[in-house]
Amino acid sequence: MAEKEGHPGWMPTQAECVQHSHNKKASIISIFTRAFTPKEPTLSWIDVAQKYGLRYNTDYHRVTLAYIRSFVKSLGNTLHNLTPAEIYVLFEQQGINKTGVNTHRSRTFDNLVQAIQSGNLPREEIENWANGQSSDLTETLLDPTNETVEEAFQKVNKAFKKTQHKTKAENPQDESYQEDVNSELPTPRAIDTLDSLSKTTNILINSSSDKEAIDFLIAKAKAKLWKRCFVDEENALAEAKQHKGNTYSEQVRDSFIDEYTRCQQLPLPEGYFFKDDRGIFRQPKLMQKLIAYRVLKESRVLNLSGTGTGKTLSAVIASRVIGAQLTVIACPNSTVKGWVKTIENAFPQSEVIAKPTRWMVAWSEDNLPRYLVVNHEMFQNMYEGAIKRFINNNPIDFVVVDELHQVKQRDENSETQRRRLINGLITDIPDDRPKPRVLGMSATPIINNLQEGKSLIELVSSLNHDDIGTTTTVPNCMKIYQKFTTMGFRMMPQHQKSRTPHIHPVNCTPYLEELFALGYRPHPQQVETILVKARWSIIQQHLKPKTVVFTEYVKDIVPYLVERIRETGISVGVYTGNNKYATEAGYDDMLDQFLKGKVEILLASIRCLGTGVDGLQFVSNNVIFATLPWTSTDYEQAIGRFDREGFVFDELNIHIPKTYALLNNGNEWSWCESKLLRIENKKDIAKAAVDGEIPDSNDQLTPDKATQYWMGWLKRLSEEGLYEIERKQIRVPLDKSDQAEVSRRFAAYGDFATLNARWNKAYSNTTNERLRQNPEEWCYYHTKMDEIEKQWEVVPRDEYIKHLKDNLPLGSVVADFGCGQAKLAEALEERHTVHSFDHIAINRNVFACDMINTPLDDTTLDAAIFSLSLMGLNIKDYIVEAYRTLKPSGQLIIYHPAKQHDREKFVSSLSQLGFVVIKHCEIYKWHYIWAIKQGYQENPDIDISF
């Protein structure tokens with residue numbers, strides 16, 4: 001039949017078989033699928049294909065539950081030696097999971113498939129189901145009325161995830177308890193890995209699978225062999241040598257053994273003399289030799305190994321193994337000193353220059369290997385010419401990009417200047433020179449979105465990868481993970497000590513009134529600033545000399561904690577990477593003082609201390625999270641600063657204060673638990689793309705998601721209650737029907753001119769705090785503004801709405817600084833994304849804040865608007881915030897009262913703050929200014945005012 005249909009060797013479809021049967025009856029199908037013995041189940045169509053030695057093309061055969069059962073059964077014990085990512089690829093190639101044409105199909109077995117490939121369905125349940133023995137759980141997973149896997153587990157009272165969370169009912173006295181947030185799967189034996197590869201590649205060869213799927217399984221198997229080798233070298237080699245399988249598995253076996261042998265035979269580079277912080281000589285580790293060998297052999301390598309594995313030293317060793325005369329290292333500013341120290345420690349006979357002024361380098365005449373260490377901030381447009389001159393004058397042999405995730409391209413349609421210029425360092429080489437070898441390093445290559453991962457792959461490979469999608473979906477995560485696996489290497493450190501933290505419940509009910517005052521769209525930093533007060537009692541209880549206290553946010557939280565810690569009589573230092581909020585408050589970085597014992601407590605930013613810092617494993621074993629990070633990656637990075645090679649203590653103490661509040665119906669709300677669950681689960685988008693963990697959804701808990709979570713909680717409280725709280729209403733215009741109230745307001749606030757003067761003669765933080773405490777003043781101001789606006793011949797809002805419609809492409813991003821009643825967002829909602837900011841939120845679409853500090857990321861905006869809102873003694877701070885958040889060539893539009901205000905003086909200062917003024921004039925009674933952001937600030941210290 002296959003030959004008659006023109007595809008000999010490939011299994012015909014059931015319809016084709018019926019067409020060639022006598023009288024074209026479907027009874028022929030039952031003959032083909034009849035079992036070998038009466039006791040055996042009916043054969044699936046793939047079983048029939050295997051029986052007749054035919055290959056099976058899933059593109060032409062409908063996937064059924066019987067087919068999936070047969071396929072799972074055919075895998076046998078191999079299934080349990082595969083990672084979720086490997087199972088995903090196998091299912092994808094067989095058309096089983098929700099990818100390709102199945103993405104938008106709703107099938108009764110989707111939950112069962114997801115439970116198997118994510119590792120949530122226990123082994124016994126899988127084996128029983130594959131052998132035709134159903135259970136309550138598998139039947140419930142197949143019930144289409146259950147929308148999710150978790151819902152199916154709950155219906156049969158099965159634990160969906162291992163968790164030790166304790167509710168208030170289970171822990172009425174708020175006693176501390178321990179909770180494992182870092183459980184790891186055991187490493188399979190080398191022979192099991194190779195046997196599994198032989199089995200899975202045979203399956204793919206006998207179906208219409210693409211080459212990339214096979215390449216991934218080969219690369220993944222090799223990575224698993226190395227993981228086993230790092231745990232037990234001797235047995236890994238012995239197990240691998242025992243294996244006999246197909247061409248692919250034996251090729252991987254031989255390649256692994258050869259690579260291992262060559263790494264072990266790699267001669268120690270001349271002059272190597274690395275000593276750790278205690279002065280002990282250290283031989284290169286196996287991972288460091290492996291990276292050096294791969295850079296030598298492959299030229300372009302990604303090292304995505306975890307914190308504490310020795311990535312920095314591996315790069316330095318690689319530079320000597322490949323014989324590089326000039327190595328350029330691009331790294332975060334906070335790690336420059338660490339790089340210089342490692343190079344000079346490992347190879348004292350080196351010439352090292354760090355952070356040269358405008359890329360001007362003067363090498364000595366000594367013929368020593370040269371190293372140029374530059375921080376990422378040196379890759380700016382203003383330095384482009386200097387970078388090109390450096391490339392032309394200095395043949396580069398090796399480029400190392402450290403903390404590669406900080407060079408990512410966050411948006412698919414825009415390329416950051418940093419990424420573009422670093423890419424130029426790799427590719428813009430004179431034609432008569434060879435391209436440099438490249439090593440990209442990051443323990444966290446993806447944090448926010450998949451475009452980051454794609455851009456990193458393209459940066460290191462210098463190739464376009466248009467086959468990688470960046471929409472946040474499981475298939476796209478798996479695609480990036482497969483690329484990382486085939487072109488990179490990732491070794492996770494072996495935990496030296498238990499990482500199980502102590503959870504300390506904290507009742508935050510006394511602070512709920514402050515939390516309610518934040519409104520419906522607070523920034524998470526504002527929430528944490530209040531909750532950290534509730535956590536202070538736990539923090540204080542566990543403070544002792546040589547403690548590190550972590551915080552996700554710096555503003556407001558660092559000053560509060562420093563003051564409280566000092567009140568206890570313990571000395572405290574801060575490490576925030578010279579964050580502007582810390583330095584403005586007078587806190588300089590004191591990491592070195594802490595390491596040398598000159599201060600007893602280190603209060604540190606998670607993002608800053610979590611990367612590129614070494615030495616804490618020798619001085620500290622007590623860690624407190626004043627605020628938790630948003631991802632398991634950031635949490636593991638922070639803990640990895642302590643639990644790493646050289647840890648000198650018997651135990652690592654981790655303390656997490658967990659706030660909660662009780663609702664009237666007995667349920668709990670906990671801001672901290674939502675973060676803690678995400679850290680425990682680890683199955684977020686970042687983990688899917690970097691570690692191949694199948695996420696439970698396409699979302700991870702981010703600040704934006706947390707705000708939605710917050711709004712949902714406020715809704716629950718309004719429905720279920722906690723206790724009565726008087727809420728102040730935000731409404732414009734204010735009601736004028738009560739003359740006594742009108743008189744009271746006038747007595748309290750004066751006329752519009754008086755109110756204007758008050759706002760203009762105060763700093764923005766003073767005005768913000770006063771209005772937050774009394775929103776009525778803000779409502780009164782805008783009520784009066786509405787009355788006066790009716791008398792104007794030219795209304796600024798109408799003018800800039802027309803400007804934005806005429807001068808911005810559809811889909812642009814705009815910020816309305818001082819939005820008032822948010823009428824701009826209302827007018828442009830069909831054309832652009834508008835972020836509205838003001839001291840008070842008139843509705844849920846407005847973000848209430850002091851506008852010198854918005855939650856926007858750098859270079860986000862296409863346009864920034866200040867319409868009669870540059871008020872106060874610190875208007876320069878507003879301009880600085882606009883400059884930070886605008887994209888290069890982003891537009892700044894200002895309308896300001898003309899009376900008694902010097903526009904020429906303002907425009908002159910604006911030009912020195914990094915803006916090109918396109919047009920400025922007086923329109924009616926307003927100063928109008930239209931400017932464009934440029935890449936260079938001539939005088940960032942200049943003052944600016946009208």
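The values are calculated or read from the model by the stated rules, or taken from the named source; none is laboratory data. The model shown is predicted, which means the values in this text are computed figures rather than measured ones. Here Cβ is always computed from backbone atoms with ideal geometry, including for glycine, and neighbour counts include all displayed protein chains. We work out accessible area using only protein heavy atoms, side chains counted, and drop any ligands, DNA or RNA first. Shrake-Rupley method; radii C 1.70, N 1.55, O 1.52, S 1.80 Å.
Run the accessible area of region 833-874 with a 1.4 Å probe and give the carbon-and-sulfur part as a rounded percent.
Within region 833-874, the accessible surface is 43 percent carbon and sulfur.
Quick check for you: with a 1.4 Å probe and neighbouring chains kept, what is the accessible area per residue of region 286-489, in Å²?
36
List the residues whose amide H sits under 5 Å from the amide H of V438, counting only those 5 or more places along or on another chain, with H placed 1.01 Å from N in the peptide plane.
Long-range HN contacts for V438: R300, V301, V399.
When only the heavy atoms of the protein chains count and the probe is 1.4 Å, how do V527, V917 rank by accessible area, highest first?
Descending order: V917, V527.
Expressed as a whole percentage, what fraction of the accessible surface of region 502-676 belongs to carbon and sulfur atoms when a 1.4 Å probe is rolled over the protein heavy atoms?
Exposed carbon and sulfur together represent 44 percent of the surface.
Using a Cα-Cα cut-off of under 20 Å, which aspartates and glutamates could be cross-linked to K533, ignoring same-chain neighbours fewer than 8 residues away?
Within the straight-line limit of under 20 Å, K533 reaches these aspartates and glutamates: D174, E175, E513, E514, E552, D556, E563, E567, E668, E673, E769.
Going down the list K297/K687; K761/K784; K823/K899; K297/K483; K784/K925; K158/K479, which pairs span over 23 Å between their C-alpha atoms?
K297/K687; K823/K899; K158/K479
Once amide H atoms are placed 1.01 Å from N in the peptide plane, what residues at a sequence separation of 5 or more from W926, or on another chain, have their amide H within under 5 Å of its amide H?
Distant-sequence amide H within range of W926: A898.
Please give the contour-minus-distance gain from V795 to A747: 0.36 nm per residue of separation, less the Cα-Cα distance, rounded to one decimal in nm.
Taking V795 through A747 to full extension adds about 14.4 nm, to one decimal.
Evaluate Rg over Rh across region 286-489, taking Cα atoms for both radii and Kirkwood's formula for Rh.
Result: Rg/Rh = 0.95.
Relative to the present Cα-Cα distance, how much length would full extension add between D136 and S908 at 0.36 nm per residue of separation?
270.4 nm
Which of the trypsin sites (Lys or Arg not before Pro) across region 776-821 are loop residues per DSSP, with 11 or fewer other Cβ within 10 Å?
Answer by residue number: K790.
Loop-only check: which trypsin sites (Lys or Arg not before Pro) in region 525-617 are DSSP coil with at most 14 other Cβ within 10 angstrom?
Answer in residue order: K596, K598.
Could you do me a favour and compute the accessible area per residue for region 764-899, 1.4 Å probe, result in Å²?
39
Taking all protein chains in place and a 1.4 Å probe, what share, in percent, of the accessible surface of region 286-489 do carbon and sulfur account for?
After summing per-atom areas, the C and S share lands at 43 percent.
Provide the FRET efficiency to the nearest 0.05 for the E270-N246 pair, computing r from the beta carbons and using R0 = 45 Å.
Working from the Cβ atoms, E equals 0.55.
Apply the Karplus curve 6.51 cos²θ - 1.76 cosθ + 1.60, θ = phi - 60°, to the phi angles in region 311-317 and return the couplings in whole Hz, x for Gly and Pro.
5, 4, 5, 4, 5, 5, 4
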